[in-house]
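Structure first, then comments.
What follows draws every value from the coordinates through simple rules; no lab data is involved. The structure presented is a predicted model; accordingly, all values stated were derived computationally and were not measured. Neighbour counts are summed over all protein chains in view; Cβ atoms, including those assigned to glycine, are modelled from backbone coordinates with ideal geometry.
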Amino acid sequence: MSQSEFRSGFIALIGKPNVGKSTLLNRLVGTKVAITSPKPQTTRRRILGVRHGPGHQMVFVDTPGFCPAEHVLGKRMLESAQTEGKEADIVVLVTDGTHMPTDEDRRVGEFLAGVSACKLLVVNKVDLVKPKEALLPRLMAYQELAGFEEVFPLSAREGQNLDPLIHCLLSRLPPGDPYFPADQVSDQNQELLAEEIIREKVLRTTRQEVPHSVAVRLEECRPGDNPSTWFIRALVYVEREGQKAILVGKNGTMLKKIGSQARAELETLLGKKVFLDLWVKVKPDWRDRADWLRALGYE
């Protein structure tokens, strides 16, 4: 295929929180480029994942979940999701097949009414639908949210029924040159991915009252004294002293658990032994402070 026939484009994955957008992104790219957790609003900023193929390049945009903004960070997240949805070549609405559409789903549908790009519908988590007969009325209800060209029931977690979606996306990619080198699968640098991995472990190990108030910032990320090692020092920010106590745990047990899980994944990422130094600090109301949102990379 000649360069003039090459196809490439941006594909926005949008939807309410916790429908599996990041899990779907990782499946489509073929490697982990976005953190995941059962907690809503795990994704806070747009993340690009790049899928390469013969004569084409798909640039997937994982976006924060559509939900009412309760603080400045939430407002920025919603604005980011809306902007990516409007600017993409293809928009994929990801929904949860384990239930009928909610008010949040309907609000996303209202947003899509003003989007002119090709719109596709993914009904995710079909592996969890029981009995299977319950899926059809849900598919029909989700289709009514917007004017979708195609509908794809699938399971991102299990990797079921992804091929029809991929083939459809390929058929709708516009002609164009590749946006990224053939060996690049994400726009995230090593430091940002390390921060996100640490935050993922916090989300997966702490209670509901802690995760949304957590941010991670690397203070140091450098080769260790031994060439086969890497040294990382990170600050974990929360908004209240009580949250800090939960995150640290009795005698530091919770923080040690988080550090152990993060270290194992970071060593896989870096291919070296990692010395991880974690500290927890309180920064009251950081999600409502523009200066701290900038400092933490959310602008």
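Counting every other Cβ atom within 10 Å of each residue's Cβ, His56, His99 order from fewest to most as His99, His56. Please sort by residue number the chymotrypsin sites (Phe, Trp or Tyr not before Pro) in segment 111-201 whose DSSP state is loop and whose Cβ has at most 15 other Cβ atoms within 10 Å. Those satisfying the criteria are Tyr179.
Building the convex hull from the alpha-carbon atoms of segment 29-126 and averaging its projection over directions returns 7.2 nm².
With the charge dipole of the chain set up from +1 on Lys and Arg Cβ and -1 on Asp and Glu Cβ about the Cα centre, the Cα lying farthest toward the positive end among the listed residues Leu170, Val123, Thr36 is that of Thr36. If you bin all the Cα-Cα distances of segment 190-295 at 10 Å, starting from zero, the percentages per bin are 15, 48, 29, 8, 0. Given +1 at the Cβ of Lys and Arg, -1 at the Cβ of Asp and Glu and no other charges, the dipole of the chain around its Cα centre is 1020 debye to the nearest 20.
Based on the Stokes-Einstein relation at 37 °C and a viscosity of 0.692 mPa s, and on the Kirkwood radius from alpha carbon pairs, segment 3-172 is assigned a translational diffusion coefficient of 206 µm²/s. P(r) tail for the chain, what percent of Cα pairs lie past 36 Å? I get 20 percent for the Cα pairs in the chain exceeding 36 Å.
Each of Val210, Ile47, Met58 was scored by the projection of its Cα onto the charge dipole of the chain, and the greatest displacement toward the positive side belongs to Val210; charges sit on the C-beta of Lys, Arg, Asp and Glu.
Each DSSP beta bridge with both residues in the chain is either parallel or antiparallel, and the antiparallel ones are about 35%. Taking the Cα atoms only, what angle lies between the long axis of helix 190-205 and the longest principal axis of the chain, rounded to 10 degrees? Once rounded, the angle reads 90 degrees. Here's the picture: a label point sits 7 Å out from the Cα of Thr83 along the beta-carbon direction, and within segment 36-61 the residues with their amide nitrogen under 13 Å of it are 45-47.
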